[in-house]
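Structure first, commentary second.
Every number here is computed from the coordinates shown, using simple stated rules; none is lab data. Owing to the predicted nature of the structure, the values given are computational and were not obtained by experimental measurement. Cβ placement follows ideal geometry from the backbone for every residue including glycine, while neighbour counts extend to all protein chains displayed.
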Amino acid sequence: MRTYPIHKRRLTSSQIIIIGFLFVILTGSFLLMLPISSKNGQMTSFLDAIFTATSATCVTGLVVHDTATYWSWFGQIVILLMIQVGGMGVVTIAVSAATISGRKIGLMQRSTMQEAISAPSVGGIVRLTGFILKCSLVIELTGMIFMIPVFGKEFGIGKGLWYSLFHSISAFCNAGFDLMGIRERYSSLTGYSGHGWINLVIMGLIIVGGIGFITWDDIKRNKFHFRRYRLQSKVILIMTGILILFPFCYFLFGEFMKPEWNEWTLGNKIWASLFQAVTPRTAGFNTVDLNLFSESGKMIIILLMLIGGSPGSTAGGMKTTTVAVLFLNLFAVFKRKEDTECFGRRIEENTIRYAATILLMYFTLCMTGGIIISRLEELPIVTCLFETASAIGTVGLTLGITPGLGAVSRIILIILMFLGRVGGLTLVFAAFSGTQKNLSKLPKEKITVG
């Protein structure tokens, strides 16, 4: 009898990343449902638990229950662990654990790691993983040490240590979860709007976490020799500076110079403007009531949330490089250039196509989700778009409507948070991994655009 070999279908890198995130979310959901996770000792509903688990694992920060007043110590630890795993990446944690245990890292694992952190090549990926793990721990511990004098004095040594650690990891992972609800529920960091030291530490952690692991590696290797950096690192650093500077100027002169902020000192206004310029790109903390902003201010925050952080970072969103590539292509079209160029390098056409696809996907998902929630909840469209942009950008900023949303609206936000963290293209590539490439080409025909 003749036998035929059975070909096992292997999971692609995209599918492994998605399954990894789903596993962490579901595990966290079941742990948060346990009575030990809530302060009142009662079981939490599955929808509330999976919303919180998704928000933590996807480092978003949107919550349906105040983290400090609803969740017990056990629940808060579970949330913090999910933030850490989600921020550094499920694959990064898995590869790090395998490396520490002495296991050999195969080509498949290296390829998956490359996609997870947006590395340029498979070569040196294990070394880079170790670098990421060490740097993350050092940065988070440094952030904790810097905040201990403030939180230790205010809450006592024990609670001060826990608060410092929690907010350091949350800020570095761009999660936006906080424990300041003990003062006022869902208050975030509004009690520290004029506290320069806390503002500086939190903003530093957010920026360092949001620029990406590959950029760290460039900075470590090349120090201040900017010309030696990879093109991606150059674009990330310049875009990060632009996306902080211009919003800062708008918030300072366009929002905080209005009569309703007259009681604030100039110093407080500067700190608040700078903080609100940094945090919308996926961090989720806020030091002022965002409901007091004008419609224009809210729309600028929505755009910043959609842009997000940088590739291979703890942040979500479309990514700074996506926007940069599209603007560079815009300039090339205006100048009637055949190629899109930057820093003496030519950008591949596929990169431009992917950037345009990502932009369209994010805007479509944000608009569709916002319109549906607005219709279901009978809320203003800008308010709902703020919420959906926060979800898909994995930011966590809110105008206060999240806890009062119905089940369907919460499910929409859960889906958007998941898509925003794993990446829209990752999900598409995972779904169509088995699609055969068509080698034949159809005839061309011109369509006029513009």
The relative contact order of the chain, taking Cα pairs under 8 Å that sit 6 or more residues apart, comes to a percentage of 18
For the chain, what is the charge dipole size about the Cα centre, in debye to the nearest 20, if Lys and Arg each add +1 at the Cβ and Asp and Glu each add -1 at the Cβ? 2100
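What range in the chain is the longest one free of chymotrypsin sites (Phe, Trp or Tyr not before Pro) that are in a loop by DSSP and have at most 15 other Cβ atoms within 10 angstrom? Write down the numbers at each step before the final one.
Numbers: sites that count: Phe224, Phe343, Phe432.
Here the longest segment lacking exposed loop sites spans 1-223.
Which of the residue pairs Lys319/Lys444; Lys335/Lys446; Lys298/Lys337 have a Cα-Cα distance greater than 26 Å in the structure shown? Before the final figure, lay out each step's value.
Working: Lys319/Lys444 32 Å; Lys335/Lys446 21 Å; Lys298/Lys337 36 Å.
In this structure, Lys319/Lys444; Lys298/Lys337 lie more than 26 Å apart at Cα.
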What are the membrane-span-like helices in the chain by this rule: whole DSSP H runs, Cα extent along the axis at least 27 Å, mean Kyte-Doolittle hydropathy at least -1.0? 13-33, 125-155, 231-250, 349-377
Report the residues of region 351-381 in range of a label on Val408: point 7 Å along Cα→C-beta, backbone N strictly under 19 Å from it. 365-381
If you keep only loop residues by DSSP, which GluC sites (Glu not before Pro) in region 163-260 have at most 14 other Cβ atoms within 10 Å of their Cβ? Glu184
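Which of the trypsin sites (Lys or Arg not before Pro) found in region 162-270 are loop residues per DSSP with 13 or fewer other Cβ atoms within 10 Å of their Cβ? Spell out each step's value before the answer.
Values: sites: Arg183, Arg185, Lys220, Arg221, Lys223, Arg227, Arg228, Arg230, Lys234, Lys269; in loops: Arg183, Arg185, Lys223, Arg230.
Sparse-neighbourhood loop trypsin sites (Lys or Arg not before Pro): Arg183, Lys223.
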Nitroxide proxy distance, nm - points 7 Å out along Cα→Cβ at His195 and Leu442: 6.0
Region 146-218 and region 298-331 have their Cα centres apart by a whole-number Å value of 23
Under 16 Å from the Cα of Lys134 - aspartates and glutamates, other chains or at least 8 residues apart: Asp217, Asp218
